[in-house]
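Asks: Pasting a structure here, questions to come.
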Amino acid sequence: MQSHLLTILILLPVIGAGTTVIYSLTPGARESHLRWIALAFTTLSFLVSLLLIQGAGGGLAAFRFAENYSWITAIGARYHLGVDGISLWLVLLTTLLMPIAILSSWTAIAQRQLTYFVLMLLLESAMIGVFVSLDLLLFYLFFEASLVPMFFLIGVWGGERRIYAAVKFFIYTAVGSLLMLVGIIALYFIHQTATGIGTFDYVVLTETLRTNVMAISPRAEFWLFLAFALAFCIKVPLWPLHTWLPDAHTEAPTAGSVILAGVLLKMGTYGLLRFNFGLFPNASRQFAPLMITLAVIGIIYGALVAMVQPDVKRLVAYSSVSHMGFVVLGLFSFTEQGMQGALYQMLSHGVSTGALFLFVGMIYERRHTRMISDFGGLARPMPWFSALFVIASLSSIGLPFLNGFVGEFLIMLGSWTSSAVQHAWIVTMLAGTGVIWAAVYMLWMLQRVVFGTKTSEANAKLSDLNLREFALVLPLMVLMLFMGVYPGPFLSRTRASIEATRRFLVNPRPAGAPDVAKGPRDNQSR
Amino acid sequence: MQTNLLSLIIFAPLAGALINWLIGRRVRNERFIGVVACASVGVSTIVALYLTLRSDGALRATQPVMDHLWTWVQVGAFRADFGLAMDRLSGIYALFVTFVGFLIHVFATGYMHGDRGYYRFFAYLNLFMFAMLTLVLADNLLLMFVGWEGVGLCSYLLIGFYLDKEEAAPAAKKAFIANRVGDWGFVLGILLLFWLTSHAGKPSISFFDKTGVTSALATVASLPMDGFTWHAIFAGGLTSVAILLFIGATGKSAQIPLFVWLPDAMAGPTPVSALIHAATMVTAGVYMVVRCSAIFTHAPFAMFIVAIIGAATALFAATIGLAQNDIKKVLAYSTISQLGYMFMACGVGAFVAAIFHVMMHAFFKAQLFLGSGSVIHGMHHEQDMRRMGGLRKYMPVTWLTMCAGWLAICGIPIWAGFFSKDEILWKTWSAGSPGIPPGLNKALWFIGAVTALLTAIYMTRLMVMTFWGGERFRAEHVEHVDEHDHGHLAHTPHESPLSMTIPLIVLALLSTVGGLVGVPYALSSLTGGHPENYFERTLQPVVSEVPGQSAGSGEATTLHWLSPPPQPVDGKPAVTVVKADHGETIPSAEEISQERIFTLISVLIALTGISIGWFMFKNQPLRRLPRLLENRYYVDEIYDATIIRPILVISREGLWKVFDIGVIDGLLHSLGRTVVNFGQTLRYMQIGFVRVYAAIILAGAIVIIGYFAYNGVHVLQFLTR
């Protein structure tokens, strides 16, 4: 099936960016119209991306909507796109969050609107590119390309310490991804040595690995895994590589935080799942105990530090460290439940943390402060805000029937039954405390911000949500409930791809090959 | 049997909640809101009555009434449905939850009159009913957990309902977090149960057999029993499951060590205290333990722990209850204490007695709480018993009905609590299960008896301080006249309106005669006639029996887990027809006489307690009690100093300020500086090998980054100038 849907999806925002620039050059252009153009293009992207759902699921693990052209012939780089169960919902998450992010900048962004919206649109294009690229070089290009707009978004439209935060963000992530580039190139040469043809094509690479045409020596695999994992773990961020995150999230403008938390962090876990698991299965198993340990530390550490933050936004930012720790834990459990749960948790974290940042942005716009101690008793003047904010917080806490629970429960189920580490139950018990801590920090924050009697004059006069703000959060709210009550449609479409990845991971040899007994528990799920 | 009516029981209150939340907030008409709220629960009540009591209803059938709605989560072998099931246990539970819930809703329409958040209150209250009934009717552990957390959420929202009350928000948070600690155990228990059933080849967390799912409890029942040793707790077997689930129960049902949230929860409106924190939600832990009795009976050490924790909580809370002055706090500690009783019963294997007490407790404690609500209402939101006294003159209905609740909780014959408490004490004394070492049952009985004595004392104190003696509200009130806009005379206590007194009367009646559904053989045989314990007979088949429980009959006990043979419950079998093979045995003659003696002892204890309370407090209602008790053994302070403070300090000073900002960032900052210097030297490297191109690219990139780090700052500063 040759379809250009993915290319269209990547290009749509770029065209939108172009349109914005052209419009601003026309005489009589008004700056206030730019946001409408951006909104139109991002909404269109979302609608177009919905087409991806068709034909998904049904036990099909293959890449769909594939496009495969030669790109840089000299080095064998290809323009290879495709979407499977793993990337499908992440693309949709991106296209869904984008119009919301644009809408959240409606009044918050007053200066340099042209640059702002152009950057946002370019960012979207890069993010979609990351999730659908099946050529390592192309992936790398998009991965890096997403960095630049975000760097400027934080650095230009951010808060007080924006420059520090932006530079920190850039260096952290760039260092990681450069190592990955080294790994990509090494992989290219390894493939060349084995087959005589150098390639960056992920599908080709995995195929040659599966069929044993190409073998990566354990030593090389070890280092390659590290090179890729470092890039991704910084992005996730996995403890102790997380310190860029609180600064970046806090200083970024609301839309930036939403996209950062909602999509950019997922690039890390997506990368681990797609590339580390797909290309280096043996090393993945080897590293699992370390990764799981770091993930569990991150879960607890992130939650504890979130608890003591005086700044609401920073609190939400640290909570991401904790939640993303769950994702890594689920991925490296190498069980069907754990990995499905991890993917689900990625989506659900994007939705609920995205919503939380929106809410924080709303009160920041009203009061120009994010300090918890400046708020209190918002439930009286802002009942709708409070109600929805509480729901979003509860979803982040993992209340059953809201989205957060399904993912976290599946992850814990997976990690309990996992044989990737010894004493998996201890790991699960420790990770499980993260759910307690989540309640502590979120509810304590709610108590001091939303409830309580202490309310200053300024708080008492705040206006409740306006129509635009309702429109912003409503889709996310609906999604929270839907994902919590009826996760079936999501899980059924991710199952086949996850299972294919997992089977390869626990047993990289082709079917029929000897020595399968050593693979970590493959028997529990059937 | 499959019927969609079952889902009506849970969805009617949900619909009520939505209507009140969305429409009620606009209408702002108390009558509309009240009717919607009560009617929706009324629908549940009627459907529950219909489904349980009709000829092939849940209480008579041997198979549960099922209603499968959709498969909620299914990944790999794990499957959790949104499916409901009503068997005898959940049938009885649903019955009294909906009925008591309905009465409390009616009461609340009067109690909450004039409150700004009227619609919000009833929306939450209906939502609570939805969650509670989901918990009760869930056909698997995970859906039960949904209800479990759902009731916790509603409890959270309702405790924090009064936005103007300083202590409400912290109390709400505390309740949720304490429950969360328990829920941690619950979730892990589910995981471990799934793991164990997977290893047994039948992965499941379902309570019942369904298409494609085997009952996890049946699977558990086929496993060998764990040994009685503390090692079993950590062995990852059934004892571990039981302990983990019980941790969940200690949170929800306010047992040691997680009980601290319940007294604070009294910051919520009184109908909430009656419904959630006395009659229904807090007993969910007991329900869960009884529902999972198959697991517990296979884990003797867990049973031992349950019994010990239950007994300890019963006694501990009763002593605190003695010295409290807030009328609701007394009742709160009393609830904790009574819940302890129920767990003690579970621990000795008397699951039916536990449920019996749950139901009786729902009647009389709801009555007492609503009565206290009526008092608080009549006293214009005064809760301190030191400023009450002599109210029986002003509030005769409240007084009389509360007397019924009082006699019931003290255990005076024919009142509800007498039968249930007596049964627990008797079953404890005669317990002989693997989880109860010889002698322990006697010790537990003694603790139970002392608790019963204390219960009678503090309840009598409550009644005396509130309804008898001098009218202390007048003298006290003078100082406060200026603070309130209504004058002195307006503050005379008054009887509550009909909407409040009618539920009081109904509950008082239930507290008086409700116990007759479970009259033990030893007593009913005194009067001849129809000597059958209906309650036990109905429930016994659906709970697991502890091996050796009915040792008194001398015959080998047949273990039957969840598949009782059909039995003529509705017929009127003669005594001799009662067959041993479905769990009910006729006690031997000496057992009967012993049970009668113990009944007599219970009555004497209750009467002694009442007399002590009466003579101690009748003339000296303000008598000082030990400060240690008044300050609740300083448990909150101890938790604060040993757990909460240290964690906060470590997180703030240690993890965040020292580690995050100091160590990690500090390291990075110094690294950044060296990288830039290092980059300078890299330039001189001349390497001609293709293989290390990668390294050069890396090095070059680092230089670029270093450059960028320096200059990016200037670019940004330029852009933002």
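Asks: For segment B:238-252, indicate whether the set of residues that are in a loop (DSSP other than H, G, I, E, B) and either modelled with pLDDT of 95 or more or over 22 Å from the mean Cα position of the chain (by Cα) (or both) is non-empty.
Replies: There is no residue in segment B:238-252 that is in a loop (DSSP other than H, G, I, E, B) and either modelled with pLDDT of 95 or more or over 22 Å from the mean Cα position of the chain (by Cα) (or both).
Asks: Given the criterion crowded, with 24+ Cβ neighbours inside 10 Å, aromatic (Phe, Trp, Tyr), assigned to a helix (DSSP H, G or I) and more than 12 Å from chain B (Cβ to nearest Cβ), identify the matching residue among A:Phe334, A:Phe326.
Replies: Result: A:Phe326 is the single residue among A:Phe334, A:Phe326 that is crowded, with 24+ Cβ neighbours inside 10 Å, aromatic (Phe, Trp, Tyr), assigned to a helix (DSSP H, G or I) and more than 12 Å from chain B (Cβ to nearest Cβ).
Let's see how each residue does on (1) closer than 25 Å to A:Ala61 by Cα; (2) over 22 Å from the mean Cα position of the chain (by Cα):
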residue	(1), (2)
A:Val182	no, yes
A:Ile190	no, yes
A:Arg210	yes, yes
A:Val213	yes, yes
A:Asp247	no, no
A:Glu251	no, no
A:Val258	no, no
A:Ala261	no, no
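Asks: I'd like the full set of residues that are among the charged types (D, E, K, R) and under 16 Å from the mean Cα position of the chain (by Cα), limited to segment B:152-211.
Replies: B:Lys174, B:Arg180, B:Asp183
Asks: Do any residues in segment A:219-244 that are over 14 Å from A:Ala317 (Cβ atoms) have Cβ atoms under 6 Å from those of residues that are of a type in the set (Val, Ile, Thr) and at pLDDT below 90, where the two are at least six apart or on different chains, and which pairs are they?
Replies: Between residues of segment A:219-244 that are over 14 Å from A:Ala317 (Cβ atoms) and residues that are of a type in the set (Val, Ile, Thr) and at pLDDT below 90, the close pairs are A:Ala227/A:Val182; A:Ile234/A:Thr173; A:Pro240/B:Ile664.
Asks: Now a separate question. For segment B:81-95, what are the residues that are aromatic (Phe, Trp, Tyr) and either within 14 Å of another protein chain (Cβ to nearest Cβ) or surrounded by fewer than 24 Cβ atoms within 10 Å (Cβ to Cβ) (or both)?
Replies: B:Phe82 - this is the single residue of segment B:81-95 that is aromatic (Phe, Trp, Tyr) and either within 14 Å of another protein chain (Cβ to nearest Cβ) or surrounded by fewer than 24 Cβ atoms within 10 Å (Cβ to Cβ) (or both).
Asks: Given (1) within 23 Å of the chain's Cα centre (by Cα); (2) farther than 29 Å from B:Asp665 by Cα, where does A:Phe200 come up short, assuming only one miss?
Replies: (1)
Asks: Step by step: first the residues of segment A:144-171, then only those that are touching a Lys or Arg at 6+ places or on another chain (Cβ under 9 Å) and at the interface with chain B (Cβ under 10 Å from one of its Cβ atoms), then the one that is surrounded by the most Cβ atoms within 10 Å (Cβ to Cβ). Which residue is that?
Replies: Here the residue is A:Ile154.
Asks: Restricting attention to segment A:355-380, which residues are assigned to a loop (DSSP other than H, G, I, E, B) and either in contact with a Phe, Trp or Tyr (Cβ under 6 Å, 6 or more places away or on another chain) or buried (at least 17 other Cβ atoms within 10 Å of the Cβ) (or both)?
Replies: Selection gives A:Arg370, A:Phe375, A:Gly376, A:Gly377, A:Leu378, A:Ala379, A:Arg380.
Asks: Moving on to the next point. Would you point out which residue out of B:Leu127, B:Leu142 is in contact (Cβ under 8 Å) with a residue 60 or more places away in the chain, in a helix (DSSP H, G or I) and either more than 16 Å from A:Phe409 (Cβ to Cβ) or of a type in the set (S, T, N, Q) (or both)?
Replies: Of B:Leu127, B:Leu142, the one residue that is in contact (Cβ under 8 Å) with a residue 60 or more places away in the chain, in a helix (DSSP H, G or I) and either more than 16 Å from A:Phe409 (Cβ to Cβ) or of a type in the set (S, T, N, Q) (or both) is B:Leu127.
Asks: Something else now. Give segment A:40-63 a look and list any residue that's crowded, with 19+ Cβ neighbours inside 10 Å and outside any loop (DSSP other than H, G, I, E, B), or say none.
Replies: Hits for segment A:40-63 are A:Phe41, A:Thr42, A:Ser45, A:Phe46, A:Ser49, A:Leu52.
Asks: Contact list please: Cβ distance under 8 Å, first residue in segment B:1-21 and under 25 Å from B:Asp56 (Cβ atoms), second residue of a type in the set (Ser, Thr, Tyr) and buried (at least 24 other Cβ atoms within 10 Å of the Cβ), pairs at least six apart or on different chains.
Replies: From residues that are under 25 Å from B:Asp56 (Cβ atoms), the pairs are B:Leu8/B:Ser44; B:Ile9/B:Ser44; B:Ile9/B:Thr98; B:Ile10/B:Ser44; B:Ile10/B:Thr134; B:Ala12/B:Ser40; B:Ala12/B:Ser44.
Asks: Counting only residues that are crowded, with 24+ Cβ neighbours inside 10 Å and more than 10 Å from chain B (Cβ to nearest Cβ), which one in segment A:412-426 is farthest from B:Gly182 (Cα to Cα)?
Replies: A:Ala420
Asks: Name the pairs whose Cβ atoms lie under 6 Å apart, with the first residue in segment A:71-82 and surrounded by fewer than 21 Cβ atoms within 10 Å (Cβ to Cβ) and outside any helix (DSSP H, G or I), the second of a type in the set (Val, Ile, Thr) and at pLDDT 85 or above, and 6 or more positions between them or separate chains?
Replies: Filtered contacts from segment A:71-82: A:Gly76/A:Thr199.
Asks: Looking only at segment B:145-164, how many residues end up being at the interface with chain A (Cβ under 9 Å from one of its Cβ atoms) and either in a helix (DSSP H, G or I) or in contact (Cβ under 8 Å) with a residue 60 or more places away in the chain (or both)?
Replies: Number satisfying all stated conditions: 11.
Asks: Can you tell me which residue in segment B:386-408 is farthest from B:Gly340 (Cα to Cα), limited to those that are aliphatic (A, V, I, L, M) and touching a Leu at 6+ places or on another chain (Cβ under 7 Å)?
Replies: By that ranking, first place goes to B:Val397.
Asks: What number goes with the only condition from (1) facing another protein chain (nearest Cβ under 8 Å); (2) touching a residue at least 24 places away in the same chain (Cβ under 8 Å) that A:Phe375 does not pass?
Replies: Going through (1) facing another protein chain (nearest Cβ under 8 Å); (2) touching a residue at least 24 places away in the same chain (Cβ under 8 Å) one by one, A:Phe375 breaks only (1).
The values are calculated or read from the model by the stated rules, or taken from the named source; none is laboratory data. Quantities reported herein were computed from a predicted structural model and do not represent experimental measurements. Using ideal geometry, Cβ is built from the backbone for each residue, glycine included, and neighbour counts are taken over all protein chains shown.
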